[in-house]
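See structure below.
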Amino acid sequence: MHTLRDILVNVKPLQIRGDATTVVDSICIDSRKAEKGCAFIAVRGTLSDGHLFIDKAIVQGAAVIVCETMPEILKDGIVYVQVADSAAATGYMADAFYDFPSDDLKITGITGTNGKTTTATLLYKLFEALGYKCGLLSTVQNYIHDEVEVSTHTTPDAISIQALLRRMADKGCTHAFMEVSSHAIHQRRIAGIRFAGGVFTNITHDHLDYHKTFDEYIRVKKSFFDGLPVSAFALTNADDKRGVVMLQNTKAQKHTYSLRVPASVKGKVLENNLTGLVMTIDGQEAHFRMIGTFNAYNLLAVYGAATLLGEDKMKVLEVLSGLHGAAGRFETYLSTNDKILGIIDYAHTPDALLNVLATINQLRTAGQQLVTVVGCGGDRDKTKRPIMAQVACEHSDKTILTADNPRSEDPEVILNEMEAGLTAPQRRKSLRITDRKEAIKVACSLVHAGDIVLIAGKGHETYQEIKGVKHHFDDKEILTETFETLNK
């Protein structure tokens with residue numbers, strides 16, 4: 001049982017009107033979930049303002065209202081708490097309501113534009129293999145030790161996060177690894193979490209539809225490290241030109257990883273081919289099942305975080321060498337007859353797409369044709385659309401521009417904006433097929449024995465969102481079915 005005073009222990013209310021010893025049975029930020037005895041927290045969101053739903057929450061039984069602006073009329077029998085920042089208060093209140101799960105877990109947050117999912121997933125797999133019970137919060141799936149849940153956001157809302165962390169702790173988990181998105185940082189969804197460490201992968205243009213400017217995007221990412229405690233570690237990619245910037249004002253212990261410059265964790269790629277990577281890390285040679293320079297950086301981040309969490313370096317390398325990455329991240333499929341290599345990757349930013357294409361081009365042999373299928377999501381950063389098309393055409397023999405998740409937008413408009421970035425020669429080596437399934441089929445029909453098909457943008461996703469409806473769609477299903485149908 002928790003009283004209001006109990007769950008406000010780390011919140012500094014501007015005022016409380018009513019009885020602070022009122023028992024709180026649940027907390028919510030969605031008025032539709034308000035119930036008898038709950039505390040409803042009115043949060044100002046990007047699409048709606050929770051203050052507009054205070055009356056609805058009360059009708060449904062809310063006993064406590066937490067808000068930034070007090071209602072003009074205060075209703076009898078309801079406790080009102082005014083705070084400066086409802087979003088931050090949500091995290092701190094949820095932390096207390098779920099009995100401070102961060103105190104029972106070593107939580108490591110991974111942030112950056114690319115590599116978050118692979119790094120977090122590898123850390124989870126590594127520590128499970130080392131004998132720990134662990135939790136994972138990622139874009140693809142959430143794990144509570146061996147219990148899996150499909151994810152809906154990179155970082156869930158603050159209440160859901162704390163509830164998940166409590167379930168992890170109750171199941172005996174000792175560690176948790178979570179992706180920390182820029183949206184979650186800005187919207188204070190990670191407030192109340194006491195991190196044991198933070199990892200920065202890299203930063204490139206993304207989410208400018210939300211943050212508006214690249215400088216603001218950087219500032220938000222950096223604020224995650226600014227908030228880490230003295231007891232935590234902060235591990236950054238020294239080869240990213242903004243990697244050191246991330247650690248400028250952190251109180252945490254500063255560490256770096258690199259393939260190019262002196263660093264706390266130094267790596268070198270010795271071999272990079274379709275069977276995996278051979279690297280030296282801290283002077284020790286190891287073979288890994290993952291492909292590409294971008295994965296070399298992910299492996300360095302995982303190794304660095306694991307050793308900073310106290311694990312033996314040699315044991316970490318031994319286990320890491322046998323692990324695969326996350327679903328939908330450079331996943332490969334080989335056709336039965338023609339041995340065509342199909343690659344599914346989540347690359348949905350210009351930099352991520354360039355990394356994948358550069359890896360393929362580095363590994364493919366003379367005469368091997370590369371056909372890329374790519375689109376851009378609707379209701380997202382429009383500035384990257386022409387660049388995505390340019391990157392695909394410049395580094396592929398043939399490119400098919402197609403729909404991704406158009407969401408509320410017209411896919412034809414999105415494709416027009418992608419095509420606007422192409423030169424005349426690039427247009428001649430590209431096709432435009434709006435239907436993504438048809439685009440994949442055409443790509444497979446264009447290639448010959450030993451060629452490569454890259455399907456980029458959706459990765460692990462098993463849906464296509466059109467006009468607010470999510471239809472079942474799985475790139476790997478379509479790819480493998482097409483290989484079979486065409487007898488490839």
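The values are calculated or read from the model by the stated rules, or taken from the named source; none is laboratory data. Quantities reported herein were computed from a predicted structural model and do not represent experimental measurements. Counting neighbours? That spans all protein chains shown, and the Cβs are built from the backbone with ideal geometry, glycine included. Note: areas computed on protein heavy atoms with side chains; ligands, DNA, RNA excluded. Shrake-Rupley method; radii C 1.70, N 1.55, O 1.52, S 1.80 Å.
Kindly indicate whether any position in the range 388-395 is modelled with pLDDT of 95 or more and in contact with a Cys (Cβ under 7 Å, 6 or more places away or on another chain).
The answer is yes, given that some residue of the range 388-395 is modelled with pLDDT of 95 or more and in contact with a Cys (Cβ under 7 Å, 6 or more places away or on another chain).
For the subset of the range 60-92 comprising residues that are among the aliphatic types (A, V, I, L, M), part of a loop (DSSP other than H, G, I, E, B) and within 30 Å of Gly197 (Cα to Cα), which member is least open to solvent (accessible area, probe 1.4 Å)?
Val83
Against the condition closer than 14 Å to Gly77 by Cβ and not acidic (Asp, Glu), how does Gly61 come out, does it pass?
yes
Would you check if there is a residue in the range 96-118 being crowded, with 16+ Cβ neighbours inside 10 Å, over 30 Å from Gly243 (Cα atoms) and in contact with a Ser or Thr (Cβ under 7 Å, 6 or more places away or on another chain)?
No - not one qualifying residue is present in the range 96-118.
Test Tyr303 against the stated conditions and say whether it is open to solvent by less than 30 Å² (accessible area, probe 1.4 Å) and part of a helix (DSSP H, G or I).
For Tyr303, the condition - open to solvent by less than 30 Å² (accessible area, probe 1.4 Å) and part of a helix (DSSP H, G or I) - is met.
Is it fair to say Leu401 is crowded, with 20+ Cβ neighbours inside 10 Å, in contact (Cβ under 8 Å) with a residue 40 or more places away in the chain and over 18 Å from Tyr333 (Cβ atoms)?
no
Test of understanding: among Ala358, Ala326, which residue is at pLDDT below 90 and more than 27 Å from Thr485 (Cβ to Cβ)?
Exactly one residue qualifies, and that residue is Ala326.
Looking only at the range 19-52, count every residue that is open to solvent by less than 80 Å² (accessible area, probe 1.4 Å) and either within 20 Å of Asp76 (Cβ to Cβ) or assigned to a helix (DSSP H, G or I) (or both) and tell me the total.
14
Would you say Asp95 is of a type in the set (D, E, K, R), touching a residue at least 24 places away in the same chain (Cβ under 8 Å) and not in a helix (DSSP H, G or I)?
no
Among the residues of the range 312-369, write down those that are β-branched (Val, Ile, Thr), open to solvent by 20 Å² or more (accessible area, probe 1.4 Å) and under 25 Å from Asn142 (Cβ atoms).
Within the range 312-369, Val319 is the sole residue that qualifies.
Quick one: Cys393 ticks every box in (1) open to solvent by 50 Å² or more (accessible area, probe 1.4 Å); (2) assigned to a helix (DSSP H, G or I) bar one, so which box is it?
That leaves (1) as the condition not met.
Between Ile185, Ile144, Ile159, which is modelled with pLDDT of 95 or more, within 21 Å of the chain's Cα centre (by Cα), among the aliphatic types (A, V, I, L, M) and open to solvent by 10 Å² or more (accessible area, probe 1.4 Å)?
Ile159
Cβ-Cβ below 7 Å, separation at least six or inter-chain, first residue in the range 363-378 and part of a strand (DSSP E or B), second charged (D, E, K, R) and at pLDDT below 95: which pairs?
Within 7 Å, the pairs are Leu370/Arg364.
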